[in-house]
1. Go through (1) within 16 Å of A:M161 (Cβ to Cβ); (2) at pLDDT 90 or above one by one and return the number of the condition A:F92 breaks.
2. So, A:C35, is that one buried (at least 23 other Cβ atoms within 10 Å of the Cβ), within 14 Å of another protein chain (Cβ to nearest Cβ) and outside any helix (DSSP H, G or I) or not?
3. Taking the options A:G142, A:G113, name whichever one is farther than 27 Å from A:H25 by Cα, of a type outside the set (K, R), surrounded by fewer than 22 Cβ atoms within 10 Å (Cβ to Cβ) and over 20 Å from the mean Cα position of the chain (by Cα).
4. Looking at (1) of a type outside the set (F, W, Y); (2) surrounded by fewer than 24 Cβ atoms within 10 Å (Cβ to Cβ); (3) out of contact with any Gly (no Cβ under 8 Å at 6 or more places or on another chain), which one does B:M21 not meet, given that it meets all the others?
5. Quick one: in segment A:70-82, which of the residues that are out of contact with any Cys (no Cβ under 8 Å at 6 or more places or on another chain) and more than 7 Å from every other protein chain (Cβ to nearest Cβ) is surrounded by the most Cβ atoms within 10 Å (Cβ to Cβ)?
6. I'd like to verify a number: residues in segment B:30-71 that are more than 13 Å from the chain's Cα centre (by Cα) and within 20 Å of B:I154 (Cα to Cα), how many?
7. Scan B:M1, B:M32 and give me the residue that is more than 17 Å from B:A245 (Cβ to Cβ) and buried (at least 24 other Cβ atoms within 10 Å of the Cβ).
8. Just give me the residues in segment A:51-69 being at the interface with chain B (Cβ under 8 Å from one of its Cβ atoms) and not in a helix (DSSP H, G or I), in sequence order.
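The values are calculated or read from the model by the stated rules, or taken from the named source; none is laboratory data. Here the structure is a predicted model, which means the values were calculated and not measured. As a convention, Cβ positions derive from the backbone with ideal geometry for all residues, glycine included, and neighbour counts pool all protein chains shown.
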Amino acid sequence: MGELLEVTNLTAGYGDGPSILDGAHLSVEPGKVHCIIGPNGAGKSTLLKAICGMLKIRQGDVKFNGQSLKGLRPDQILRKGICFVPQERALFPKMTVRENLRMGGYSLDDRSGLERSIDEIEERFPILKERRDQHAGTMSGGQQQTLSMARTLIIKPAIVMLDEPSLGLAPKIVQEMFDIMKMMASEGITILLVEQNALMGLKNSDWGVVLDLGRTLFKGPAPEVLADPRIQELYLGGKKAA
Amino acid sequence: MEQIIQTLILGIALGGVFALMGSGLSLVFGVMRIVNLAHPSLIIAGAYVTYWGFRLWGIDPLVMLPVAAVVLAGIGVLLYKLVFEREARSAKYSEMTVLLTFATAMIVEGALGFMFTNTQRVTSPGYATDAIFIGNVFIPMGQLYAGIVSLVIIGALAAFLKYSRFGNAIRATTQNRDAAELLGVNVNLVGIMSFAIGIGLAGAAGALVSFVFSFFPAKHWEWVAVLMSLVVLGGMGSILGTVLASFLLSIIAAFVGVWFGSTWSTMTFFLALFLILLVRPQGLFGEKPELA
């Protein structure tokens, strides 16, 4: 079966620095939420950045619908339907909410269609309609995160990659973000989630992917990963490793 | 009272020209993080293009303005390709651009001096020395025209940045380069185009400068600190801020000139630069400076 996204033996790093990812593998299940967990420095964010083209692939390959993404620029990869929401939320603080949404559809050439899509998104996320003429930088953390996630929907992506959407948000708001994420998945969008809070991340995901030292240790259904004693010990603050 | 109004008018007229001189600098800094010390020297180059059009063929400086803008925009693209593009990925990018633009300023000055000598020049269309009198208050026509044209150009630039698709991409790149790239903006193209527009604005400003001031190749040194003070007070990269700062400082400078003598009027800008950096380094509309 042709996989939607298939990462094989991926090696990547920053600039001329050492490789952070060193032989990572990943295959995704369409329309499911995949939570990538692992200790600090395991290469979780690096994996997402390599997939979206922000980092050069040194070895290995990333295939989307059977086509290699190697050597493509981020804007070219975006046009294929892979959206990345980085940790810093990637908003334009001094542009209005509406302008931020419009930038989300920058790659679309159908401008009137774009305005319609923005209207639709405003209907679905009333807070964005309410704040449409406000500068994005003046919104709360949760609202900003809502904006950056909602913005991905404009291009009707196949895959959305979220790098720590919970960062700096109150627990109650975090759950709202996960709910938006699950709603996106229920519409057929495949989600790759990187989450520092592995417990929360896995509870809201279908699949768990464990990364360490730049390699994929294993992938399994999220409940199984949650229950795995190794994971309990290493990442979930269960019994300390001896 | 009359003197106050008179001074105010002269300050505003000068502010309009400075606003255009500074806005190109601000745009280039905003998008590219290049502190373009060569900007004033390129304004002088624009003034020469205008001067020769007027001198050789009698073309009005305001008609020469688009020509100067296009010629300088072309030079901008060339400069970008030759000098800045290869540095864009360097870790010491900001430091390098200060040195590179400084060197560029010297080269431009040298080239202009070599081609056109160091004689003081000024284009002198009829209106440059005309004035309207309202009572005892006079409005110099040259500065009035220059101020109006300058504001029209800045207005067009602002509308382009606010409402056009590419203008939005430029603003987005200024605010968050990575995010813009992730949303499909070709940030390299945005870089080249903003550089071209910024230097084109220097050319346009040069056309106005050519009949408002007398100029010679080394004149740009006088303007480096002046323009820096405008851009810093405005908040690095904020064009609206630069425009407001231009009016504010030009009006203050005009009054300082009247009250303390014209020697002190230029000092206003230097002193302002100094004070702004001490008191409010982010300027009127800038971000708080990052420590990193």
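1. Only one criterion is unmet by A:F92, namely (1).
2. On the way: buried (at least 23 other Cβ atoms within 10 Å of the Cβ): yes; within 14 Å of another protein chain (Cβ to nearest Cβ): no; outside any helix (DSSP H, G or I): yes.
Judged against the criteria, A:C35 is not a match.
3. Values: A:G142 fails: over 20 Å from the mean Cα position of the chain (by Cα).
Result: A:G113 is the single residue among A:G142, A:G113 that is farther than 27 Å from A:H25 by Cα, of a type outside the set (K, R), surrounded by fewer than 22 Cβ atoms within 10 Å (Cβ to Cβ) and over 20 Å from the mean Cα position of the chain (by Cα).
4. (2)
5. Just the residues of segment A:70-82 that are out of contact with any Cys (no Cβ under 8 Å at 6 or more places or on another chain), to begin with: A:70-73, A:75-76, A:79-81.
Next, from what is left, pick out any that are more than 7 Å from every other protein chain (Cβ to nearest Cβ): A:70-73, A:76, A:80-81.
On the way: A:K70: 15, A:G71: 9, A:L72: 19, A:R73: 15, A:Q76: 14, A:K80: 15, A:G81: 17.
Ranking the candidates gives A:L72 first.
6. Narrowing segment B:30-71 to residues more than 13 Å from the chain's Cα centre (by Cα): B:30-34, B:48-68, B:70-71.
This time we only want the ones that are within 20 Å of B:I154 (Cα to Cα), so: B:30-32, B:50, B:61-68, B:70-71.
Summing the residues that are more than 13 Å from the chain's Cα centre (by Cα) and within 20 Å of B:I154 (Cα to Cα) in segment B:30-71 gives 14.
7. On the way: B:M1 fails: buried (at least 24 other Cβ atoms within 10 Å of the Cβ).
Only one candidate qualifies: B:M32.
8. Here is the first cut: in segment A:51-69, the residues at the interface with chain B (Cβ under 8 Å from one of its Cβ atoms) are A:52, A:54.
A:M54, the sole residue that qualifies.
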